[in-house]
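Chemist: Before anything else, here's the structure in question.
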Amino acid sequence: MNHRRKFLKILTHFGISTPFISKAFTQSSSKRRTPVAELPLIICSRGELWGQKVLQPAWQTLQSTGSILDAVETGANVVELDPDDTSVGYGGLPNEEGIVSLDASIMYGPTHNCGSVAGLEKIKTPCSVARLVMERTDHMMLAGEGALRFAKAHGFKEEDLLTEKARLIWLEWKENLSDKDDWFPPADGQYLPRKRTTGTINVLGIDAEGNVAGITTTSGLFGKIPGRIGDSPIIGAGLFVDNRVGAAGATGRGEEVIRTCGSFYVVEKMLQGMTPQEACEAACQRIVEINGGLDQGDYDDKFVAVNNKGEVGCASIRGYEGRHPYVSVISKNGFQEIKGTALTWQD
Ligand code: ASP
């Protein structure tokens, strides 16, 4: 039985009528056919709280430098440097061994050039190192030790990225992993369910002339096997921009995004005429399809996208922390938080 048929059969088995997916997504797509903002605009893959923190300085940078690339970098740096965010940069949750290992990518539409770093340790702002890979080397991706040496050659300071907050979360996770190892559970003796925290941020922008730029930056999956690289530093997976149409970025379980070339898929769908909203939803559906259904495995992913008409899209497979996914937008019309759609979450 092919995947599509197996998928439909599973939906039916769980009492879900087959038009469920297209119905859930189609209704909300049509609402977002109108442009949400005039160019220039910058979006970020989070709701109001982080949206304001990221987009206000990004917007100020765009006003003062006129550079959309500087603007998205300024915005991404805010989260990277903030120890309160446990999924990006400094303060990010570590890998299985308690080491914070960062992935980031950057792409610039006018040149179609890009740069990324993977498995970078000890540097708080990996997206700025990715930008230097793009602008100061003939390569596109540096990983691990080499990426660190490259960052240091450019004057970045080595720092301990594991905050006390992140260490305690990691320790609790480690002690709760199994009752068959030598790590005792925390004092109350309770083994907690093993929860995989996700995060990441996409910051995407288009200037008044239609020039597109984007960044994706993350500390990756919490508790990952050392050496694991996610989708975020892989151009076409965690990030893709094309000056002919716009930009897209992904968050969530990177393995699914890698095997569907998620952000490239969204941008290609926009090139073929889909709105950003329709394209984000199509990418989510693709992931569900290749998995053989919503109930096949513990995967969740979210896409955000923007096109050069000022239209914005946001869709996720599952509701994020029990609610809809959100995307934030800033333009000369001001700041807006926009509710996206989720396949498994409707209200
Ligand atoms: N996409 C990131 C990764 O797989 C994680 C996340 O977005 O939560 O590394």
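Chemist: Region 55-121: D in µm²/s via Stokes-Einstein (Kirkwood Rh, Cα pairs, 4 °C, 1.567 mPa s)? All intermediate terms of the calculation are to be shown ahead of the outcome.
Modeler: On the way: Rh = 13.2 Å.
Result for D is 98 µm²/s.
Chemist: Assuming 0.692 mPa s and 37 °C, estimate D for region 230-347 with Stokes-Einstein, Rh taken as the Kirkwood radius over Cα pairs, in µm²/s. Before the final figure, lay out each step's value.
Modeler: On the way: Rh = 13.9 Å.
Translational diffusion coefficient: 235 µm²/s.
Chemist: How large is the dipole of region 46-136 about the Cα centre if only Lys and Arg carry +1 and Asp and Glu carry -1, each at its Cβ, rounded to the nearest 20 debye?
Modeler: My answer is approximately 300 debye.
Chemist: Got a number for carbon plus sulfur as a percent of region 37-112's accessible area, 1.4 Å probe? It would help to have the intermediate numbers written out before the result.
Modeler: Values: 1200 of 2450 Å².
Percent of accessible area from carbon and sulfur atoms in region 37-112: 49.
Chemist: Run the numbers for residue 171 and residue 60: contour at 0.36 nm per residue of separation, minus the present Cα-Cα distance, in nm. Intermediate values should be presented prior to the final figure.
Modeler: Details: separation 111, 0.36 × 111 = 39.96 nm, distance 3.92 nm.
Using 0.36 nm per residue and subtracting the Cα-Cα distance, I get 36.0 nm.
Chemist: Give me the net charge for the shell around residue 165: Cβ to Cβ below 12 angstrom, other residues only, Lys and Arg +1, Asp and Glu -1. Walk me through the numbers on the way to the answer.
Modeler: Values: positive: 167; negative: 82, 84, 85, 164, 172.
Neighbourhood net charge equals -4.
Chemist: PRE reach from residue 99 (point 7 Å along Cα→Cβ): which of region 143-159 fall under 17 Å by backbone N?
Modeler: Output list for this probe position: 143-152, 158-159.
Chemist: Tell me the Kirkwood hydrodynamic radius of region 215-257 in angstroms, computed as one over the mean inverse distance between distinct C-alpha pairs. Numbers along the way, then the final one.
Modeler: Working: mean 1/r = 0.0909 Å⁻¹.
That comes to 11.0 Å for region 215-257.
Chemist: Note down the net charge around residue 207, summing +1 for each Lys or Arg and -1 for each Asp or Glu among other residues with Cβ under 13 Å from its Cβ. Working shown, then result.
Modeler: Numbers: positive: 332; negative: 38, 70, 209.
Net charge around residue 207: -2.
Chemist: How much length is gained if the chain between residue 271 and residue 38 is pulled fully straight, taking 0.36 nm per residue apart and subtracting their Cα-Cα distance, in nm to one decimal?
Modeler: Details: separation 233, 0.36 × 233 = 83.88 nm, distance 1.95 nm.
Full extension from residue 271 to residue 38 adds 81.9 nm.
Chemist: Which value, in Å² and to the nearest 10, is the accessible area of residue 280 when all protein chains are kept and the probe is 1.4 Å?
Modeler: Looks like 0 Å² after rounding.
Chemist: Could you pull out the trypsin sites (Lys or Arg not before Pro) across region 151-188 that fall in loop regions by DSSP (anything but H, G, I, E, B) with no more than 11 other Cβ atoms inside 10 Å?
Modeler: Qualifying residues, ordered by number: 157, 180.
Chemist: Can you give the Kirkwood hydrodynamic radius for region 277-338, in Å, rounded to one decimal and based on Cα pairs?
Modeler: Details: mean 1/r = 0.0784 Å⁻¹.
Final number for the Kirkwood radius of region 277-338 is 12.8 Å.
Chemist: Skipping prolines and chain starts, which residues have an amide H placed within reach, meaning under 5 Å, of the one on residue 91, given they are 5 or more residues away or on another chain?
Modeler: 163
Chemist: Using a Förster radius of 35 Å, what is the FRET efficiency between residue 209 and residue 255 based on their Cβ-Cβ separation? Nearest 0.05, please.
Modeler: Values: r = 37 Å, r/R0 = 1.05.
Between residue 209 and residue 255 the formula returns 0.45.
Chemist: State the percent of C-alpha pairs, over all pairs in region 153-292, separated by a distance greater than 28 angstrom. The partial results should precede the final answer.
Modeler: Details: 3545 of 9730 pairs.
Beyond 28 Å sits 36 percent of the P(r) for region 153-292.
Chemist: What FRET efficiency do you get for residue 290 and residue 183 if R0 is 22 Å and r is their Cβ-Cβ distance, rounded to the nearest 0.05? Could the numbers behind the result be given before it?
Modeler: Working: r = 36 Å, r/R0 = 1.62.
The value I calculate is 0.05.
The values are calculated or read from the model by the stated rules, or taken from the named source; none is laboratory data. Everything numeric in this text was worked out from a predicted model, so none of it was measured. All Cβ positions, glycine included, derive from the backbone under ideal geometry; neighbour counts span all protein chains shown. Please note that ligands, DNA and RNA were not included when accessible areas were found on the heavy atoms of the full protein model with its side chains. Shrake-Rupley method; radii C 1.70, N 1.55, O 1.52, S 1.80 Å.
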